[in-house]
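These notes concern the structure reproduced below.
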Amino acid sequence: MTGPREPDPLAVALGNASLLGAGYLLLGRRALFWAAAVVTAALLWLTYAVAGTWCELLVVLWWAAVVAHGWWLARRHPAAGPRRGQRVLALALAVPVLAAAGWVRFDAYGIEDRVTDARADGSCRAAVDAQEEVGLRHRLVAAPVAARGDTVVEACERLDAAAGYLSGGLTGDLDMLEAAFERLGAVLGEPGNERTVEATLDRYLGRLPTDDGCRNVRIADWLRDRRTGPKDLTGPASATAARIGPGALAACGDALLTDEEWADARDVYRRLLDEHPGDSRADDAREGIRKADLALELIQVGNLLDEADGMDSGYCRNPAKYSAAPAYRKGRSGAVFVGDTEYTDKLPEEWRADTPEAALVVCADETEAGDVVETCRYRDHEGRIGSVRFNKLAVRVKTYALRTGKLVTDRTVQIGGESCPGTLGYFGALPSRMAVTPSDADVRDAFGPVVGR
């Protein structure tokens, strides 16, 4: 297309208004046509790549320049009169191009409005779905508008990453929780992201508490102790810590009690009472503390009993209480016998009780010579006659009330038995003193008064 020699200036201006260089073709200026095409393509690519408003201003200035330049060139050799064919052709090119550009920009602003509304509603999903409607045409004709939507999508992607860290925080990984809040704070620092950050944080906080009470305690402590950062983050975190804290402590204490972690359970229950004294679970916490204390007392008593192999060791040296032990009832209370058990092992089984059911702890010392029962004469191996005194067995006994750990009796019992047997067994020289030989009944008679039997 070369056009007539004397083109219509209006037709040339309209042809160049299409940014297709049609006006230069009407003038027969092919070099200008190609040069204009290169510049137009370069500016559009620059706008696409940079997406800056100044790039759009360059395009507008370029559009005005080629329109004015075409008009000026055509005016140098004006046509004899209006050339309708040229004008119609130029309009046929310019109007669709300008109309299409206007429609694309209008559509881009509509998409931007939907993205902005979605972000204002805190819905990253809706914002991303809206931005996915942006195509190449929008990035060429309305690049800055499309870029603003890309910024929203990029922020949402960062929030998705933060949400992943928050999910990791639900497992009790506090490092992941810290990383999540750092990312939330960074996104919150950019204008316009308040609602999407709030929605992301609310989704996480709404999943609390988890089904693990002790994990909830760690999370609640972290949320409560986070003092630095935007109030939009620290405020909801503190509120959630206050919401889940009492229940978390109660559930954690119960779990530790079930696992027989008595000391830890007691500490957690005490925290509940100290930090939330008016909570509805306070009575349950007190009961949990009581159970834990009793269990710890029983463990301590059991260890001391195991160590008591004499009057100066274990329970016999350092008596302790077990508050749940039954009260002493004469003739009906069981006892635990420790120390030197040579003779207490011969006591009836019904006198004994396992530690939790025992009312008394009886510490028996080593036996010594007691009172003389009688003296008998025996002939030794060489035929000489000598006297042998037979003594009762003296055993010092301390009795403690297990419920209080306090001393009940400290006495020496004497065990009687058979003396002066017809035949005396011995080694070496004839002994001058020997112990009686007690029967089980003799042992019972000696220890009966000690345990109320």
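The numbers here are math on the coordinates, done by the rules we state, and not lab data. Since we're looking at a predicted model, the values are computed, not measured. Quick reminder, even Gly has a Cβ in these numbers, built from the backbone with ideal geometry, and neighbours come from all protein chains shown.
Structural remarks
- Available extension along the chain between residue 369 and residue 323 is 12.8 nm, counting 0.36 nm per residue and deducting the alpha carbon span.
- Comparing 60, 106, 186 along the charge dipole axis of the chain, the residue lying farthest to the positive side is 60, per the Cβ-charge model.
- Of all lysines in the structure, those lying under 30 Å Cα to Cα from residue 291, and not within fewer than 8 positions of it along the same chain, are 321, 330, 398, 406.
- Calculated FRET value between residue 380 and residue 293, using beta carbons and R₀ = 51 Å, to 0.05: 0.20
- Relative contact order computed over segment 321-451 (Cα-Cα under 8 Å; 6+ residues apart), in percent: 25
- Taking Cα centre as origin and charging only the Cβ of basic (Lys, Arg, +1) and acidic (Asp, Glu, -1) residues, the dipole magnitude of segment 321-451 rounds to 500 debye.
- Each principal axis of the Cα cloud of segment 321-451 was evaluated for its coordinate range; sorted largest first, these ranges are 64, 22, 21 Å.
- Net lengthening on full extension, residue 174/residue 210 (0.36 nm per residue, minus Cα-Cα): 11.5 nm
- Sorted by Cβ neighbour density within 10 Å, fewest at the top, the residues 219, 111: 111, 219
- Taking a straight line from the alpha carbon of residue 392, these lysines sit under 24 Å away, with near neighbours fewer than eight places off in the same chain left out: 346.
- With each label modelled as a point 7 angstrom along the Cα→C-beta vector, the residue 346-residue 195 pair spans 9.2 nm.
- Computed from point charges on the beta carbon alone (+1 for Lys and Arg, -1 for Asp and Glu), the dipole magnitude for segment 104-199 about its Cα centre is near 380 Debye.
- Per-residue Cβ neighbour rank within 10 angstrom, fewest leading, 337, 181, 427: 427, 337, 181
- Rounded to 10°, Cα long-axis angle of helix 282-307 versus longest principal axis of the chain: 50
- Of all DSSP beta bridges in the chain, antiparallel share, percent nearest 5: 75
- Stretchable slack from residue 120 to residue 432, in nm (0.36 nm times residue separation minus alpha-carbon distance): 101.6 nm
- In this rough spin-label picture, where each label sits 7 Å from Cα along the Cβ direction, the residue 264-residue 57 distance is 6.5 nm.
- Orphan Cys of the chain, criterion: no other Cys C-beta under 4.7 Å: 55
- With both labels modelled 7 Å from their Cα along Cα-to-Cβ, the residue 357 to residue 136 distance reads 8.9 nm.
- Ordered by the number of other Cβ atoms lying within 10 Å of each residue's own Cβ, fewest first, 392, 231, 398, 291 fall into the sequence 231, 291, 398, 392.
- Pair-distance profile P(r), taking every C-alpha pair of the chain, with 20 angstrom steps and integer %: 17, 22, 17, 15, 12, 9, 6, 3, 0
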